[in-house]
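Have a look at the structure below, then the notes.
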Amino acid sequence: MIELHTLGVVDLRAPDGRELRAILHQPKRLGLLAYLAAASPRRFHRRDSLLALFWPDLDQDHARAALRRSLYFLRTELGADAVSSRGDDEVGAPEDRLWCDAGALDRALAAGEPERALDLYRGGFLDGLHVEGAAPEFQEWLDRERARLRDRAAMAARTLADRAEGAGRPEEAAGWVRRGLELAPEDEAALRRLLLLLERSGDRPAAIRAYEEFARRMSQELELDPSDETRELMETVRSGDHTRELESEPGRIAVLPFAVRGDARLAYLGEGMVDLLATKLDGAGEIRTVDARALLHFLGDERRDAMAGAGAEPVEGRRVAAHFGAGRFLLGTLVEAGGRLQVGASLYDLSGRVVANVRATASGETELFELVDELARQLLAAAGVGHGTRLTRLAGLTTDSLDALRAYLLGERDLRAGRYFDAMEGFQAAVDADPSFALAHYRLAAAAAGCALPELARGFADQGYEHRRRLSPHDQLVLRAQRAWLHGAVPEAESLYNTITGTYPDDVEAWFHLGDLLFHSNPLRGRSAVEARAPFERVVRLEPNHVGALVHLARIAAIAGRRDEMLALAERVQRVSPEGDQALAMRALRVFAGEDRAAMADLAEKLQGARALTVAIAFADVALYARNLAGAEMLARGFIQVARSPELRALCHILLAHLALTGGRRGDAAVELAQAEGLDPTWGREMRALFATLPFLETPGEELLVLRAELEAWDAGAVPPSMFVVFAMHNELHPSIRAWLLGRLDLRLGDIAAARGRAGELSRLSAAGDVLVRSLEAELWAEIARAENRVEEGIAILERSEPRLWFQLTVASPFFTLASRRWLHAELLREGGRLGEAAGWYAAIAERSPYELIYAGAARGRLAEMKAAVTLSEAKGA
């Protein structure tokens, strides 16, 4: 077979051992081959998806031609059957012709061969591969596969450690734990296990060295100290206390041999159920099982035989579980009568309390695998088996597919850890296995929203709602609320979440989404995001390590000026989820809130290699919440150096222009906009007009006239659609943005009649139904009313036309952010004497998007003026 090695040094060999250099020297074609070959299980891929990944900047015809050339090249070099097609639309790499070490690692683990799996893992997946011109989603796939395969190799090391420890070889077990720590260096649970193993084998100096090395690395790389639990264990090791047991993991289960009664031919199932159930349960979400071979070896022949006859007692189950650090153990009985099989099993915690009882039956031995699947499904659905929310437990009751449930639990684990892209893969696998699995669609929508993919999120929410019939009225209400929120119906969603939390006060999901809604939507309604504190604090009381709630609470603390609380929460996120999508952004928040320039420069360099979404979040956190404009500028300038597309570089210059203007450097802002315009003329022109019409800046009349003439001569309808995600949000909207900007210029020049004409143009354009266009139209009419001293009418226009926008659009775009509209609303309220309401609108500016920062100084000035006026009035009254 052809052999593709992707773990460590990338290598490709023909069946005769010859190196296939022609492919190795072409990164895009190598990347395409690896994408086809590394999937486990191997599958066909739609050509359209390959075009979007590898040739996103080409039109359809040229992209298809590029794919055809690449496939022809691969078939020429590898053989015609090494890359196959299914119909005209799908492409794959058959497993019987092309061997890949990534897939072989997965198969080795599935076959119970962890040592083989660890031998295959010789380094990071496709380490150093850079595919020029590929979409960001390809890099995200690479990152996910690298993390997944590294985690799988670490799991193999844990299994080998279990086996060595069960066989009474602590030194060998310590070696495997060390190997696992090399793969997952932030795993403090593994470090604590290593410390105990080294101490028990009499090598206390090695334990101390391992701890000190871990503490030094945590300090240097993450600016964190080891947890209190780890430090306490280290003190125990230093003191020579040999009585401490291996730390128990609540999510780890020891499956003991089952008692078998009836047909003597079925005695093999006593130990067989250990293998079968442990394999089914292991890796489902946060559930881990003690390796079957290690457990059976630890028991010895005599005890295994005794258990197969009479079964195990809870006291023995506790002893075995404690030995392996498992927090739960499973005891069961299999009874055969008249050919039928009946199995009952009980799951215990270490105190001897029964956590769950499960039962399943089969008509005969031929249905054994279905029987095991049903037992596993019931165990995973049982309350208290694993960490998670009520919905996690409910999931097991609303799908009949064990594959769907396992995938769901994997997605749930990643979602709670803030790994949104990985969570999408898990939930997608769940709905592939069971398309009617409503809760998997629901969580897929939540993960897509976390990945800033609102259209996908809405579609998934709609599909979940269509399959709601198997859910209770409570859970149908949850799906309805999510759907309203994703579709921008904020008042309806807020009302529904208030109903759910009032009726079901322990519903973590509802509390979190209520907080999420308030945090993101309040600033668009003249209310502070700080109102979301109470719902998020309720989430953390119910689920202390909920990453999403902790991240939001850190940002809320920053908005409220509680710096120490913000830093503590950001550090907590890093501890809870060091590999999560939010960890790097939270580290940026901590570092840039301080004064260590070297740490800032180091982190800025690390961010240059991160995915674009992570960099965008970190930039926003540094600018808005660390309130470090110079630090945000450092990040943007660093990203320009590695940004490949002209659109991305243009966006960086636009953000730099906003930072410069916020800092009072209007000349520097003009320089940045000129750079942006050279890269993307449409956006550069629109930003120049936006800055020139800011109501609190003085712009010479001549400059306004030149800009107006330039915009009038511009054919905005001829702007080609952009493929770049941020700019693509505005495809087909440029004629409306042009009309709105011209109306603003007219008003600055005192030409109200011309502004009315632009508003009429926007009215015609808004007939197509776009939410942003309708908002721009209402804003311009309100601005005209203000110019004509019809203040109350201006307020009424804005209040009648509240836009239903998805919040991530309002973060990512200077137009969708509605900052100019919100400023206008505050000004009108102030001029109308409604000072309390105006203060709410001013104060909520610059809580959510870096594009709002240019309004922040003026808003603070207005708040100070209003406060001074109130103070003066009170003094006169006294």
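For the reader, a short list of remarks on this structure follows.
- Residues that are among the hydroxyl-bearing types (S, T, Y) and open to solvent by less than 60 Å² (accessible area, probe 1.4 Å) were ranked within region 472-501; the one that is nearest to P523 (Cα to Cα) is Y497.
- Scanning region 717-736 for residues that are touching a residue at least 24 places away in the same chain (Cβ under 8 Å) and of a type in the set (G, A, S), we see that the one that is nearest to E137 (Cα to Cα) is S722.
- Here R75, R43 are screened, and the one residue that is under 30 Å from the mean Cα position of the chain (by Cα) and either part of a loop (DSSP other than H, G, I, E, B) or not hydrophobic (A, V, I, L, M, F, W, C) (or both) is R43.
- Selection within region 535-562 - acidic (D, E) and open to solvent by less than 60 Å² (accessible area, probe 1.4 Å): E543
- Residue within region 781-789 that is in contact with a Ser or Thr (Cβ under 7 Å, 6 or more places away or on another chain), modelled with pLDDT of 95 or more, open to solvent by 20 Å² or more (accessible area, probe 1.4 Å) and closer than 25 Å to L661 by Cβ present: no
- Residue check for G426: buried (at least 24 other Cβ atoms within 10 Å of the Cβ) and within 16 Å of the chain's Cα centre (by Cα): yes
- Residue that is open to solvent by less than 10 Å² (accessible area, probe 1.4 Å), in a helix (DSSP H, G or I) and touching an Asp or Glu at 6+ places or on another chain (Cβ under 9 Å), where the choices are A52, A63: A63
- The residues on offer are A676, A604, A670, and the sole one that is over 26 Å from the mean Cα position of the chain (by Cα), under 29 Å from R860 (Cβ atoms), open to solvent by less than 20 Å² (accessible area, probe 1.4 Å) and among the aliphatic types (A, V, I, L, M) is A676.
- Leading residue by the ranking (least open to solvent (accessible area, probe 1.4 Å)) among those in region 187-228 that are over 22 Å from W176 (Cα atoms) and in a helix (DSSP H, G or I): L222
- Those residues of region 458-471 which are without any contact (Cβ under 8 Å) to a residue 60 or more places away in the chain and either surrounded by fewer than 17 Cβ atoms within 10 Å (Cβ to Cβ) or of a type in the set (A, V, I, L, M, F, W, C) (or both), in sequence order: G459, F460, A461, D462, E466, R469
- Meeting the requirement of 2 or more residues that are hydroxyl-bearing (S, T, Y), the helices (runs of 4 or more DSSP H) wholly within region 424-520 are 490-503.
- For the criterion of being assigned to a helix (DSSP H, G or I), among the β-branched types (V, I, T) and within 23 Å of L444 (Cβ to Cβ), V530 fails.
- Residue list for region 686-708, filter: part of a helix (DSSP H, G or I) and open to solvent by 60 Å² or more (accessible area, probe 1.4 Å): R688, E702, E703, L705, V706
- The residues listed here are L798, L776, L818, L772; of these, the one that is touching a Gly at 6+ places or on another chain (Cβ under 9 Å) and surrounded by 19 or more Cβ atoms within 10 Å (Cβ to Cβ) is L776.
- Filter result for S873 (within 30 Å of A728 (Cβ to Cβ), in a helix (DSSP H, G or I), open to solvent by 10 Å² or more (accessible area, probe 1.4 Å) and among the hydroxyl-bearing types (S, T, Y)): no
- Residue in region 16-26 that is open to solvent by 60 Å² or more (accessible area, probe 1.4 Å) and either closer than 24 Å to A153 by Cα or aromatic (F, W, Y) (or both) present: no
- Matching option when the condition is under 22 Å from L624 (Cα atoms) and either at pLDDT below 90 or aromatic (F, W, Y) (or both), among A489, A452, A448: A452
- Of all residues in region 476-503, those that are touching a residue at least 24 places away in the same chain (Cβ under 8 Å) have Cβ atoms under 8 Å from Cβ atoms of residues that are part of a loop (DSSP other than H, G, I, E, B) and open to solvent by 10 Å² or more (accessible area, probe 1.4 Å), 6 or more apart or on another chain, in L479/L471; H487/R804; G488/P803; G488/R804; G488/L805; A489/R804; V490/R804.
- Criterion: at pLDDT below 85 and under 21 Å from L415 (Cβ atoms) - qualifying residue of Q582, Q574, Q608: Q582
- Among the candidates D101, D96, the residue that is closer than 25 Å to R148 by Cβ and touching a strand residue (DSSP E or B) at 6+ places or on another chain (Cβ under 9 Å) is uniquely D101.
The values are calculated or read from the model by the stated rules, or taken from the named source; none is laboratory data. This one's a predicted model, so the numbers in the text were calculated from it and none came from an experiment. Note: ideal-geometry Cβ built from the backbone for every residue, glycine included; neighbour counts use all protein chains shown. Ligands, DNA and RNA are stripped out before the accessible areas are found, and what is left, the full protein with its side chains, is counted by its heavy atoms. Shrake-Rupley method; radii C 1.70, N 1.55, O 1.52, S 1.80 Å.
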